[in-house]
1. Failed condition for Ala16, given (1) at negative phi; (2) surrounded by fewer than 21 Cβ atoms within 10 Å (Cβ to Cβ), with all others met?
2. If we keep just the residues of the range 2-40 that are among the charged types (D, E, K, R) and in a helix (DSSP H, G or I), which is modelled with the lowest pLDDT?
3. Taking Ser100 as the residue in question, decide whether it is exposed (fewer than 15 other Cβ atoms within 10 Å of the Cβ), within 14 Å of the chain's Cα centre (by Cα) and more than 22 Å from Pro18 (Cβ to Cβ).
4. Just name the residue that is nearest to Tyr108 (Cα to Cα) out of those in the range 21-62 that are in contact with a helix residue (DSSP H, G or I) (Cβ under 6 Å, 6 or more places away or on another chain) and aromatic (Phe, Trp, Tyr).
Amino acid sequence: MNHTPDSPALRGSLDALPLFIPALPFAFVFGVVVANAGIPQWLGWSSSPIIFGGAIQVTLFTLIGEGASVAAAVSAALIVGARHMLYSVALAPRFQNQPSWFRWVGSYVLIDQVFVLSQIKPIDEPVAFRRYFLAAGFTFWSLWMICTALGVVMGPAIPAEWGVEFAAPVLFVSLMMASSDRRDKLAAAALAMGLTYLLASLPNRTGILIAVISSVVVMLLLQRHRQS
């Protein structure tokens, strides 16, 4: 018997739940970072609905807590978020047939997990894709709002020996493995990781930006080669 939900929205919400599990400790990492930055809890949490990007939020408040200027912290956070350029390139053909309002709202909830779901759960029909994408995105959004609120309250009480700071790399590695089902994706991911490692000494995490741009160029060239 097939128990797969027929509703794209319901499928999107259900598919989102397992991928949120690795993000749970990340929310508490965010709480620790907010506490170490010495800013009010409500102000730290307010970045969740405004930015809605865990890695960007953590980068921003980590640098502020270390005494960096606001301009430097914001610049570094934008560089960390530059990987969304690659997501945009990959999803552009599927967004072209959507209404303009969806291009704005869909871009807001385009986080790593939603991108992965859009790759491993391909839906060609525009309306079904839109409902699936928004349901998955706002399921993550709702859970992230709740968990970061808990994180800023409870995160500072977590013992350091628990090692929750490893949540971020574990999360991104698991997402990369889930979405890398073709050689071109693996090649772009390997290039990005290698360049990020080699250029880690550049100021303001510029190496991440260079790695992302290089990966985008590689993906564009490989896609053009496949279509020719």
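The values are calculated or read from the model by the stated rules, or taken from the named source; none is laboratory data. Keep in mind the model is a prediction, meaning the values are calculated, not measured. Cβ sites come from the backbone with ideal geometry, for glycine too, and all protein chains shown count toward neighbours.
1. Ala16 satisfies every listed condition except (2).
2. So, considering only residues that are among the charged types (D, E, K, R) and in a helix (DSSP H, G or I), the one modelled with the lowest pLDDT is Asp15.
3. Working: exposed (fewer than 15 other Cβ atoms within 10 Å of the Cβ): yes; within 14 Å of the chain's Cα centre (by Cα): no; more than 22 Å from Pro18 (Cβ to Cβ): yes.
Criteria not met by Ser100.
4. Among them, the one singled out is Trp45.
One line per residue, one yes/no per condition, for (1) in a helix (DSSP H, G or I); (2) within 28 Å of Pro18 (Cβ to Cβ); (3) not assigned by TED's automatic domain parsing to the domain that holds Gly38:
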| residue | (1), (2), (3) |
| --- | --- |
| Gln57 | yes, yes, no |
| Ala76 | yes, no, no |
| Tyr87 | yes, yes, no |
| Gln113 | yes, yes, no |
| Asp124 | no, yes, no |
